[in-house]
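I have placed the structure first, in the form of structure tokens, so that the comments after it can refer back to it.
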């Protein structure tokens, strides 16, 4: 089943393996007349780059996006926008010895079960590298949203349960020292939201946001507004009551996170996404050899890159996915009235 | 935008308003040869019926589904299955006086903004009544899954933060007395899962589950496996290591909730869904008159039905949505290999 | 595979068997605020009714459509519009003796091969009765188009190669006498076309029109503009040159049938659809028994209704399908510019 | 609206402008385990290359496809297959002087109306160059079909009404001499067809074939089986009666072109596609300046390449589109039974 596309009217399709020639994103359905440049994309890409601090993987690959189609004189033409990012720093030889071992927390087992074949060199489509394409496509969505004064932001809300910066930092450093990893939570917010985005029933804004972020590797949970805490409140506390502010209808609280019945209220969109700890750790782990069907010990090759906390690089990906949902909702809404 | 459909190959479309003539579900893409009956559907419907205990709304409407097409000699033919449920107990006259008031926690505001028109008699498509159609369609999905020995279950995990039955009960009774409401959490589990269901990247099983359940009215959060707790763990704790059990590959823990890279591992699927407290409460609430754009007090008419805890009726709906995702994933997977 | 839907934004799904309880159409994605009534639908339905003259089948079933959802105070609300047409005059007992015989020109063979089960009582989904649902849904599309001053028309262009009324009539009467049948051609035209409808590459207006009409039972060919004759012309004859008419750009000829590169030029849309002769004839025909795998003679039961020329009832169906394509194209076009 | 994709399960998306850096095709949903190589693609591409004889345009660009993703050890992995074809021989400077003139038979008028912007250098997405991507993607579909012993073929059936080779040749040469162009008809045939491909109602095999071929630039008509001639026959002549051949059910004639009710009978698929004469001719033509809204004369720059008959290069494109429809139908059919 074709599964590499996201969106209905503003629709992206991504491709490429982490250790192949290149990865890419194809955006179809972007309205004509939008000013975009490679810089717009590369700026967003730089935010998710590894090797930016002592906390992240030392892979030093500057992702550079090239726009191959869909623009003329710096503006979109309505034609599909093809973006390519060439892979550069990919050494896959070291994975050869462990190619038949199932990696705990990784998808080589399930891909083998599903397809009967797996590109063991680097995770293939299940690699976090695929998220660079989401960010590239998200950069175009962001430009479209900016045109309508909608601003999406995402940031690290907590790491290993810590919400303060120094504690977060020390938990990551500690994980790194222990050849282990930690998880965390990304929060997002959208300002400048118009009313009426999102659709009833199965295309609710929060449903599409949930799908969007839960499609990011390593995610485990999604909350909108007050999230799981809402389940512990009384209706009289939780309901967002309406009031007038300079003739405009607003809600006094925003527990709903900016939607009612799946449609935006005009209040900020608010949500959170839980990420598990990075599955790639440098410790030995129990495993199974898929070929011989015997027990085995899985250990990453010496010198393997190790990113003790993917959450540090996840915020731009969440931002991208939220932007893609909104760009699509914006265009879908154009058919709601006569 | 058409937004009342769910699924790709096993695809449902639902219709109908809570105070109209009927509601219905149309299932297209169900394989031929599956034995189904109206009883199969009505049995599931009875589980979400109101008026079953002192804890739920007294609306006494026995939902009876009628199969209008798509079967022959008790088996599906590959043709679309049309199910109709007639509305019976619908008195909408009492809503007339409050028709222009925005209902806190409800969707009349956003529907008015989106469509410029709202069927104030009963919530229209935003009504929880729409979930009866999900349950009806889910009953067909359930039959398909049973054919492959897959069993979906969902239950009330907690109410207002309480996980024990007596405390849950007293919290609901207390809310009822106070003309207020409480929220809760539904858990689900799928046994008999084969490997290889779900697709990479944007059609991950957990992404589709997230969308499915977050499209249910009143939901605020979704967790897969260890969920938000995963964000506080170390990778070495969280990773599900592989072992062999009678020659079959399994994981020792199931923190992932049964998927890796969006594809099922063969372990049980595990997840949770947070529901906010019922928005309809009998207390007075601050509001705004949409027509006059003046502040107002919203109060439900005397004698209004009042369901102090929707969670009690939500489990069959969660079960239905999970079943629909799996039925679709099962068919989508048929194209993965040559 | 779900295959009973048509359209992307303005999307219909139809259901029901010719000898079941009812048939129906579900329209999702219709903008809110459109005035529609059951009369609008029934008026279109009456145009395709059988039993209207000595040329068509004597089946006397007045199709009466009932709107079950999606409107409020006579206007669409943005919710799905469910239309039901109950079946009345369906006597299927006479088909029992021939239930295993393959009907020449009919789909019982291919349905059995595909699904392993076939509702022999009346053709199931392959019956021409399904087209009543197309007409019902098309009536809603027509109302939407009328709102934008677009007018779709379709008519019998020729029967058995004859283009004059008396000859057409005598060819049908002759076929009836001989217990045989004749085919014909339906032409369509759309006036009031705006420019810019239709999309490049795979969603060209003519491509979607082709799919739309070739999905009607008994069709064999489709032409746009000059059609197959274009293949015999020179470019200098065929090209539609541009000129100005009161400041508006128009083409001097309209060989293209109103599109360029798949997008409407603002000139009338023009096309033709070829229908084969009715497959149901009263003559004996060679056949095979599907169960015993033996040669057999197929003959319709005595007293079977016989429609010697389906083309006479096909024009409203073509009109409906063209209307559905245009309603969808109209809404799809709303996302083309910023 | 996203409009550059084709297919449901086996789904392609194409991109690129004729005078941009490159063009490309992305195939998503191809089953894993299929052996494919760049040679497979380039062989098909060579069949549609210009500059192959004195009858076609002298543009000497050897299209070379590069597979960027989706394969491992020469086999598909289930991941999206990205194919890039770099543009080489593109001189667009000569189009500068005529950039505001509407080209008769071309899409610059409709693109300007739709998008408000047009890449005048070479037709953008409306260029026939886009069809190279169809051929590249079709080559993958062809490999899939070959695995199931299905063989698609397409050929020039007639040019300017002539069906004999010498006459066809002289009509093209004559058009070339006159700076004019001629149209023609492509026929296709599929051998080795299984039964049960194609779906009822809106996804009929012939409907999807019609859409597929009518989305090719310059097409004007489509016929299945006996096509428009069927409209002139009697039912007793036209019906394909069934018989047994070595225990297998076949039809004595194949007027239907290999389908009944939209589903394949197992007989060869047969169809025809009408192409108009090439719109680009070297003669002067009446036109309008889109910017100044004044009458003008359109003439291609001296030395412009001129392809007097696109039909000569269209057969591989028709073959590709037919192959794509069948690859998709093959996978869609996997969900028809339990």
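What the Cβ-Cβ distance of residue A:37 and residue C:245 gives, at R0 = 45 Å and to the nearest 0.05, is a FRET efficiency of 0.65. Put in line by how crowded their Cβ is, counting other Cβ atoms within 10 Å and starting with the fewest, C:180, C:39 read C:39, C:180. For a modelled paramagnetic label at residue B:338, 7 Å from Cα along Cα-to-Cβ, the residues of the range D:128-145 in reach, with backbone nitrogen under 17 Å, are D:139-145. Normalising the average separation of contacting C-alpha pairs (under 8 angstrom, six or more residues apart) by the number of residues puts the relative contact order of the range D:5-333 at 23 percent. Across the identical copies, the 7 Å label point of residue D:293, projected outward along Cα→Cβ, sits 3.7, 7.3, 7.7 nm from its counterparts, in ascending order. Roughly how tilted is helix B:315-332, in degrees to the nearest 10 and between 0 and 90, from the longest Cα axis of chain B? Approximately 40 degrees, to the nearest 10. Chain A residue nearest the axis that carries A onto C, by Cβ, with distance in whole Å, is A:334, 2. Each 10 Å bin from 0 upward holds the following percent of the Cα-Cα pairs of the range B:7-159: 10, 35, 31, 19, 5, 0. Computed from the C-beta positions of residue B:177 and residue D:178 and an R0 of 60 Å, the FRET efficiency is 0.05 to the nearest 0.05. The peptide list A:16-22, B:24-30, put in order of mean Cβ contacts within 10 Å with the highest first, becomes B:24-30, A:16-22.
Only DSSP H runs of four or more residues enter the estimate; each adds -39500 (n - 2.57), and after division by the residues of chain D the mean residue ellipticity at 222 nm equals -8000 deg cm²/dmol. Pairs of C-alpha atoms in the protein assembly as shown farther apart than 62 Å represent 10 percent of all such pairs. A Gaussian network model of chain D, with springs between Cα atoms under 10 Å, assigns the largest mean-square fluctuation among D:80, D:316, D:97 to D:97. For the peptide B:288-300, the mean number of other protein chain Cβ atoms found within 10 angstrom of a residue's Cβ is 2. For the segment A:23-33, counting C-beta atoms of other chains within 10 Å of every residue's C-beta and taking the mean gives 6. Label positions at residue C:88 and residue B:164, each projected 7 Å from the Cα along the C-beta direction, are separated by 6.5 nm.
When chain C is treated as a GNM, springs tying every alpha-carbon pair under 10 Å, which of C:48, C:248, C:103 comes out with the largest mean-square fluctuation? Its mean-square fluctuation being the largest, the pick is C:248. Any idea what the alpha-carbon Rg over 2.2 N^0.38 Å comes to for the range B:142-184? Cα-based Rg divided by the globular estimate yields 1.72.
For residue A:247, the distances from its label point to the matching points in the remaining copies are 3.4, 7.7, 8.3 nm, ordered from shortest, with each point set 7 Å beyond Cα toward Cβ.
Across the identical copies, the 7 Å label point of residue D:304, projected outward along Cα→Cβ, sits 5.8, 6.1, 7.0 nm from its counterparts, in ascending order. Relative to the longest principal axis of the Cα atoms of chain B, helix B:165-177 runs at roughly 20 degrees.
Structure remark: mean-square fluctuation, Gaussian network model of chain B, C-alpha springs under 10 Å; the largest value among B:323, B:236, B:46 belongs to B:236. Using the empirical formula 2.2 N^0.38 Å as the baseline, the Cα radius of gyration of the range D:5-333 reaches a ratio of 1.06. Enter the angle in degrees (range 0 to 90, nearest 10) between the Cα long axis of helix C:131-147 and the first principal axis of the Cα atoms of chain C, meaning the one along which they spread out most. Roughly 20 degrees, rounded to the nearest 10. By the compact-protein rule of thumb, 2.2 N^0.38 Å, the alpha-carbon radius of gyration of the range B:158-219 corresponds to a ratio of 1.59.
Values quoted throughout were computed directly from the atomic coordinates according to the rules given, and no laboratory measurement underlies them. Not measured: the values here are computed from a predicted model. Here the Cβ is made from the backbone with ideal geometry for all residues, glycine too, and neighbour counts use every protein chain on show.
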